Amino acid sequence: MVKEIPATVKRAIELIGLFVLGTIVVAGNTIIMPLLMAFFFSLMLLPVFRFFRKLKLPEAIAVFLPILLLTIVMALIIWLFSSQVGALLDDFPQIEQTVAKHLDNLSIWISNSFGYSPAEQLKFINVQSQKLFSSLGGVLKGAAGSLTSIVIFIGLLPIYMYLIMLYRNLFLKFVLMWFKQNEYQNVEEGIRQTEQMVKNYLIGLLIQITYIIILLGGILWLFGIQNALLIGIIFAFLNLIPYLGALIGNILGVLLTLASSDSIADVLIVLGAITFVQLLDNNILMPRIVGSQVKINPLVSILGIIIAGNMAGISGMFLAMPVLSILKIVFDRSENYKQWGVLLGDERPVKSLMKV
């Protein structure tokens, strides 16, 4: 008779497994993250692929065309962003004067409030500048490494997407072979739910980027704010990172406004417009567009984004939510891991389950 493993030992093995998995992701994130990103984009493009197959196109061409369309869309977004950055650089002399004026006002305020003279402030800045330049070599090396990683990431992404879509049935067979035949229906339902969730999530994000750029950029343009479209683009992409991205977007929007305007009223307009668009997005537009059945509680979401960011950088932060959603789908359908699905979800019990 086989002796059953105690529950505490099972939990310990699960935690060790999570640690080992995290170590693998950190060590091989340059390989794993493009593959994971390609997997999610491939799921999003499957309906387009099926449409081309209905038109009787050869399978290789039907796989290639959705990737080409996605590449064109991404290239247009990058071109729009770079053109706005170019316009910002054209106004650099004016920005330099505005920033200098703000720094002078800040210096006067510090002197009046804390008693530090401009000479003491200048000495402090010089000391910090020397520290900054002493570590500049390491920063430049890191930047060069990051640039190389980005180039590799972008180069591998379409190749991975093409191969994943082309060999999708092979991967599906591989997954099903791990289960007994009487479990196939449950596995297939989980796969279909995963595909639907990822498709809704990513298409929803593309729609979200579009309407935030148009809405926020349009409102700021109507109020005469400089770099209105650039602020809209930056906030739209940072908003893809739940909770944390919106905060960073607010800060960058304020800094861009301070760099191009002397008026505090402009800063208040930017903050008000961002708040209005965010409330509209969070409470009305995004829930209707995404409509995902999988809900992750905010605490797990924030922790997941921070941990994923430390493990794999920006791509990890972007992929944290769909990965957590897939994990919840898997855990909910597994008898041995249902408790993890409960932990990830946001369904709060009406009352405490403890007997008081």
All-but-one check, Leu57 against (1) surrounded by 11 or more Cβ atoms within 10 Å (Cβ to Cβ); (2) among the hydrophobic types (A, V, I, L, M, F, W, C); (3) at pLDDT below 70; (4) not in a helix (DSSP H, G or I), failing number (3)
Based on what the data block shows, is Ile207 touching a residue at least 12 places away in the same chain (Cβ under 8 Å), surrounded by fewer than 15 Cβ atoms within 10 Å (Cβ to Cβ) and of a type in the set (Val, Ile, Thr)?
yes
Tell me, please, whether a residue that is within 25 Å of the chain's Cα centre (by Cα), of a type in the set (Phe, Trp, Tyr) and modelled with pLDDT under 85 can be found in region 99-112.
no
Would you please list the contacts, defined by Cβ atoms under 8 Å and residues six or more apart or on different chains, that run from a residue in region 266-284 that is of a type outside the set (Lys, Arg) to a residue that is surrounded by fewer than 13 Cβ atoms within 10 Å (Cβ to Cβ)?
none
Candidate set from region 317-340 (those that are modelled with pLDDT of 80 or more and small (Gly, Ala, Ser)); member that is surrounded by the fewest Cβ atoms within 10 Å (Cβ to Cβ):
Ser325
Residues of region 25-54 being farther than 18 Å from Leu156 by Cβ and modelled with pLDDT under 85, in sequence order, are Val26
Assigned to a helix (DSSP H, G or I), under 18 Å from Trp79 (Cα atoms) and either aromatic (Phe, Trp, Tyr) or at pLDDT 80 or above (or both): which single residue out of Ile213, Ile219 fits that description?
Ile213
Answer yes or no as to whether Tyr201 is touching a residue at least 40 places away in the same chain (Cβ under 8 Å) and not aliphatic (A, V, I, L, M).
yes
Qualifying residue in region 148-163 (condition: in a loop (DSSP other than H, G, I, E, B) and modelled with pLDDT under 65):
no
Provide a single number: the residues in region 201-215 that are closer than 19 Å to Thr71 by Cα and of a type outside the set (Ser, Thr, Tyr).
8
Would you pick out the residues in region 28-52 that are over 17 Å from Leu172 (Cβ atoms), buried (at least 21 other Cβ atoms within 10 Å of the Cβ) and not hydrophobic (A, V, I, L, M, F, W, C)?
Pro34
Here the qualifying pairs (Cβ atoms under 7 Å; residues six or more apart or on different chains; first in region 172-196 and more than 25 Å from Leu45 (Cβ to Cβ); second not acidic (Asp, Glu)) come out as Phe179/Val187; Tyr184/Leu176; Asn186/Arg333
Positions within region 75-94 being aliphatic (A, V, I, L, M), in contact with a helix residue (DSSP H, G or I) (Cβ under 9 Å, 6 or more places away or on another chain) and at pLDDT 70 or above, in sequence order
Ile77, Leu80, Val85
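The values are calculated or read from the model by the stated rules, or taken from the named source; none is laboratory data. This structure is a prediction, so every number in the text was calculated from the model and none was measured. Neighbour counts run over all protein chains shown; Cβ positions are idealised from the backbone, glycine included.
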